[in-house]
1. For region 25-57, what are the residues that are within 18 Å of Lys99 (Cβ to Cβ) and among the basic types (Lys, Arg)?
2. Among all residue pairs at least 6 apart or on different chains, which show Cβ distances below 6 Å where the first residue, located in region 31-51, is without any contact (Cβ under 8 Å) to a residue 60 or more places away in the chain and the second is charged (D, E, K, R)?
3. Take region 11-30 and flag every residue that is touching a strand residue (DSSP E or B) at 6+ places or on another chain (Cβ under 7 Å) and touching a residue at least 60 places away in the same chain (Cβ under 8 Å).
4. Hey, among Ile37, Ile79, Ile4, Ile28, which residue is in a helix (DSSP H, G or I) and surrounded by 12 or more Cβ atoms within 10 Å (Cβ to Cβ)?
5. Does region 52-76 hold any residues that are exposed (fewer than 13 other Cβ atoms within 10 Å of the Cβ), assigned to a strand (DSSP E or B) and under 13 Å from the mean Cα position of the chain (by Cα), and which are they?
6. Going by the conditions given, is Glu87 within 13 Å of Pro31 (Cβ to Cβ), touching a strand residue (DSSP E or B) at 6+ places or on another chain (Cβ under 8 Å), charged (D, E, K, R) and not in a loop (DSSP other than H, G, I, E, B)?
Amino acid sequence: MMTISISSFHPLQFSIPEVDMFVGKVSIVLPELHVQIYDLSMGIDLLKGAHLGGDAQVFSLDLTIPEPGITPAKMMEMIYAAQGTFEKMWKTAQKELDKQGALLG
């Protein structure tokens with residue numbers, strides 16, 4: 001499987017493998033999300049938001065590109081065209097994680 005990694009949306013930055021054609025399974029990996037694992041606030045307002053956690057690779061989209069495939073230039077064009085959709089998905093996922101709060105405790 002070929003992987004395209006998006007590292008940021010503003011400015012849009014991504015890396016693609018050096019290939020002649022994209023064909024078959026291609027994974028588009030969105031930027032890491034911040035995940036809160038454990039609440040450390042102990043119910044104290046001054047410590048509100050204190051947590052154990054970190055950034056984690058959570059989101060990827062898998063595509064299947066049929067023969068004869070598409071060129072890297074066309075793939076980059078598609079990523080630029082879908083930037084808004086990818087960013088909206090990523091922001092929605094981060095918003096839901098933030099709303100959930102710490103997964104434990």
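1. The answer is Lys48, and nothing else.
2. Filtered contacts from region 31-51: Glu32/Asp55; Ser41/Lys48; His51/Asp39.
3. If the condition is that a residue be touching a strand residue (DSSP E or B) at 6+ places or on another chain (Cβ under 7 Å) and touching a residue at least 60 places away in the same chain (Cβ under 8 Å), then Phe14, Ile16, Leu30 are the ones that fit.
4. Ile79
5. Scanning region 52-76 gives Asp55, Ala56, Asp62.
6. Yes.
Bear in mind that the values in this text are calculations on the coordinates, not laboratory data. All figures in this text were calculated on a predicted structure; none of them were measured in a lab. As a convention, Cβ positions derive from the backbone with ideal geometry for all residues, glycine included, and neighbour counts pool all protein chains shown.
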